[in-house]
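Novice: The structure is given below, and queries will be raised subsequently.
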Amino acid sequence: MAAQNRKIVDVLDGKTVSPPPLWLMRQAGRYLPEYRATRAAAGSFLDLCYSPELATEVTLQPIRRYGFDAAILFSDILVIPDALKRNVRFEEGHGPRLDPIDVDGILALEGEGVANHLQPVIEAVGRIRAALPGETALLGFCGAPWTVATYMIAGHGTPDQAPARLFAYREPEAFARLLDILADLSADYLVAQIDAGADAVQIFDSWAGVLGEKEFADYAVRPVRRIIDSVKSRRPQARIIAFAKGAGLLLKSYRQDTRADAIGLDWSVPLSFAADLQKEGPVQGNLDPMRVVAGGKALDDGIDAILQVLGNGPLIFNLGHGITPQADPDNVTRLVARVRGESR
Ligand code: CP3
């Protein structure tokens, strides 16, 4: 589908758009009362992810309310392990749970049936695209192999991913195999999202920041590069944002090494370093989500600092990580107006 004046697509192509287009990671979520209502009606979180009708509804909710420049498909990075039969559950107040995988489990992984399992998500992409205003971009996504693997190995979220780091040192061959399997399935999944109408896709490496230098190259860069090479060899027009949260100085060559079109920046990335990275290509970020909870001057000052340093180059305005459930929806209204220059 021809992109119709979708500003985020222009930025991903290296253009400077002023004011910068914006969307927020986790923009459909528990801070919105309309999300909580749909979520309650859906039953479980995964039921919501696999209902094309309800996933479409929650994807559109933040677009109706705020008119963001992009919608992001409502789903989760853990639908891939779920499709791999790792028994993914989301328990209230506990975050995700999976059956922890071991070497034998990795050797037994079976990619067959994955595309079929994910078909409702792809159907949602088509429905969302059909319902969106022409100028609103649609973003698809997947988790990066490292981040998805951390949940598969521990069987739940952990503060520092010690189980996956340890597993990777003890069982490097099995671990490499797991990353390759996840990369190849993720590439197929992203191609299907693009074919169904996604204008661009984001790869979330939320746990990149716990890796040492060599492990970052092997477990964060290499598998993301494998996904991007695979997607671009099949869909040369694909646009890809890579977000390696917490990667710090290792972001210096991340865009070049992965071949991403743009890189996402978390809020710990100094704006001076962000400006250097932006000279090489488009950047996305990086407001601290806690500024959206705080509101007022903390919110305004954070926005203004980003716009001042990064606003004259290719920028997609975003948070440095997902918006949290405590955020006041009115603070998001204030954020959108300020980024668009309607209240400065
Ligand atoms: O950005 C969006 O609005 C699109 C939807 C989206 C969700 N998860 C919905 C969700 C996206 C892009 C994700 C990505 C995701 N999921 C990541 C990478 C980004 C990040 O935040 O680091 C990760 C690590 C996950 C795994 C995951 N899913 C966790 C750890 C949790 C529990 C923590 C939490 O926030 O509840 C989830 C659940 C989840 N995914 C929710 C939502 C809206 C909340 C579940 C609910 O509504 O009950």
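Novice: Among the numbered conditions (1) of a type in the set (D, E); (2) assigned to a helix (DSSP H, G or I); (3) within 10 Å of the ligand (Cβ to nearest atom), tell me where D76 comes up short.
Specialist: (2)
Novice: Checking the structure you have, find out if any residue of the stretch 186-198 is aromatic (F, W, Y), over 20 Å from I153 (Cβ atoms) and either within 16 Å of the ligand (Cβ to nearest atom) or touching a residue at least 24 places away in the same chain (Cβ under 8 Å) (or both). Can you show your working first?
Specialist: Here is the first cut: in the stretch 186-198, the residues aromatic (F, W, Y) are 189.
Next cut, over 20 Å from I153 (Cβ atoms) only: 189.
Pick out the ones that are also either within 16 Å of the ligand (Cβ to nearest atom) or touching a residue at least 24 places away in the same chain (Cβ under 8 Å) (or both) and you get 189.
So far as the stretch 186-198 goes, yes, one or more of its residues are aromatic (F, W, Y), over 20 Å from I153 (Cβ atoms) and either within 16 Å of the ligand (Cβ to nearest atom) or touching a residue at least 24 places away in the same chain (Cβ under 8 Å) (or both).
Novice: Oh, and also: Only one of A71, A28, A37 is within 15 Å of the ligand (Cβ to nearest atom) and part of a helix (DSSP H, G or I); which?
Specialist: Details: A71 fails: part of a helix (DSSP H, G or I); A28 fails: part of a helix (DSSP H, G or I).
Checking each option against the conditions leaves just A37.
Novice: Scanning for something within 15 Å of L24 (Cα to Cα), touching a Pro at 6+ places or on another chain (Cβ under 8 Å) and touching a residue at least 24 places away in the same chain (Cβ under 8 Å), does the stretch 278-286 turn up at least one residue?
Specialist: Checking the stretch 278-286: at least one residue is within 15 Å of L24 (Cα to Cα), touching a Pro at 6+ places or on another chain (Cβ under 8 Å) and touching a residue at least 24 places away in the same chain (Cβ under 8 Å).
Novice: Filter the stretch 171-186 down to residues that are among the small types (G, A, S) and surrounded by 21 or more Cβ atoms within 10 Å (Cβ to Cβ) and give me whichever is farthest from R225 (Cα to Cα).
Specialist: Filtering first and then ranking leaves S186.
Novice: A further question on this structure: So is L48 near the ligand (Cβ under 9 Å from one of its atoms) and assigned to a helix (DSSP H, G or I) or not?
Specialist: For L48, the condition - near the ligand (Cβ under 9 Å from one of its atoms) and assigned to a helix (DSSP H, G or I) - is met.
Novice: Hey, another quick one. Can you pull out the residues in the stretch 282-308 that are surrounded by fewer than 17 Cβ atoms within 10 Å (Cβ to Cβ) and not aliphatic (A, V, I, L, M)?
Specialist: Listed by number, the residues that qualify are G295, G296, K297, D300, D301, D304, Q308.
Novice: Would you pick out the residues in the stretch 56-68 that are assigned to a loop (DSSP other than H, G, I, E, B) and within 13 Å of the ligand (Cβ to nearest atom)?
Specialist: Hit for the stretch 56-68 is F68, nothing else.
Novice: Determine the pairs where a residue that is in contact (Cβ under 8 Å) with a residue 12 or more places away in the chain and of a type in the set (S, T, N, Q), located within the stretch 148-166, has a partner that is buried (at least 17 other Cβ atoms within 10 Å of the Cβ) and in a helix (DSSP H, G or I) with Cβ atoms under 7 Å apart, the partner being 6 or more residues away or on another chain.
Specialist: Pairs found: T150/A164; Q161/T150; Q161/V210.
Novice: Within the stretch 141-159, can you find the residues that are among the hydroxyl-bearing types (S, T, Y) and near the ligand (Cβ under 9 Å from one of its atoms)?
Specialist: In the first step, residues of the stretch 141-159 are kept if they are among the hydroxyl-bearing types (S, T, Y); the result is 147, 150-151, 158.
Scanning the stretch 141-159 gives T147, T150, Y151.
Novice: If only one of P33, P62, P19 is under 19 Å from P289 (Cβ atoms) and either more than 19 Å from the chain's Cα centre (by Cα) or β-branched (V, I, T) (or both), which one is it?
Specialist: Of P33, P62, P19, the one residue that is under 19 Å from P289 (Cβ atoms) and either more than 19 Å from the chain's Cα centre (by Cα) or β-branched (V, I, T) (or both) is P33.
Novice: Looking at (1) within 15 Å of the ligand (Cβ to nearest atom); (2) among the charged types (D, E, K, R); (3) in contact (Cβ under 8 Å) with a residue 60 or more places away in the chain, which is the one condition that is false for E171?
Specialist: (1)
Novice: (1) touching a residue at least 60 places away in the same chain (Cβ under 8 Å); (2) more than 30 Å from A327 (Cβ to Cβ); (3) of a type outside the set (A, V, I, L, M, F, W, C): which one isn't true of D261, the others all being true?
Specialist: (2)
Novice: Could you grab me the full set of residues in the stretch 309-344 that are surrounded by fewer than 22 Cβ atoms within 10 Å (Cβ to Cβ) and within 16 Å of the ligand (Cβ to nearest atom)?
Specialist: Correct list: G322, T324, P325, Q326, P329, V336.
Novice: Can you tell me which residue among A187, A198, A183, A192 is assigned to a loop (DSSP other than H, G, I, E, B) and closer than 30 Å to R129 by Cα?
Specialist: It is A198.
Novice: May I pose another question? Do we have G285 as in contact with a strand residue (DSSP E or B) (Cβ under 6 Å, 6 or more places away or on another chain) and not in a helix (DSSP H, G or I) here?
Specialist: yes
Novice: Could you please let me know if S18 is polar (S, T, N, Q) and within 15 Å of the ligand (Cβ to nearest atom)?
Specialist: no
Novice: Might you let me know whether the stretch 86-98 holds any residue that is among the charged types (D, E, K, R) and either in contact with a Cys (Cβ under 6 Å, 6 or more places away or on another chain) or within 29 Å of D199 (Cα to Cα) (or both)?
Specialist: No, the stretch 86-98 contains no residue that is among the charged types (D, E, K, R) and either in contact with a Cys (Cβ under 6 Å, 6 or more places away or on another chain) or within 29 Å of D199 (Cα to Cα) (or both).
Novice: Then there's this: Can you run down the residue pairs with Cβ atoms below 6 Å, 6 or more apart or on separate chains, where the first is in the stretch 110-121 and farther than 12 Å from D82 by Cα and the partner is crowded, with 16+ Cβ neighbours inside 10 Å and not small (G, A, S)?
Specialist: Matching pairs, first to second residue: P120/Y50; P120/P52.
Novice: Further question on the same structure: Just name the residue that is nearest to I8 (Cα to Cα) out of those in the stretch 88-130 that are among the small types (G, A, S) and within 16 Å of the ligand (Cβ to nearest atom).
Specialist: Among them, the one singled out is A124.
Each reported figure results from applying straightforward, stated rules to the coordinates on display, with no laboratory input. Given the structure is predicted, the values throughout are model-derived calculations rather than measurements. Backbone-built Cβ (ideal geometry, glycine too); neighbour counts: all protein chains shown.
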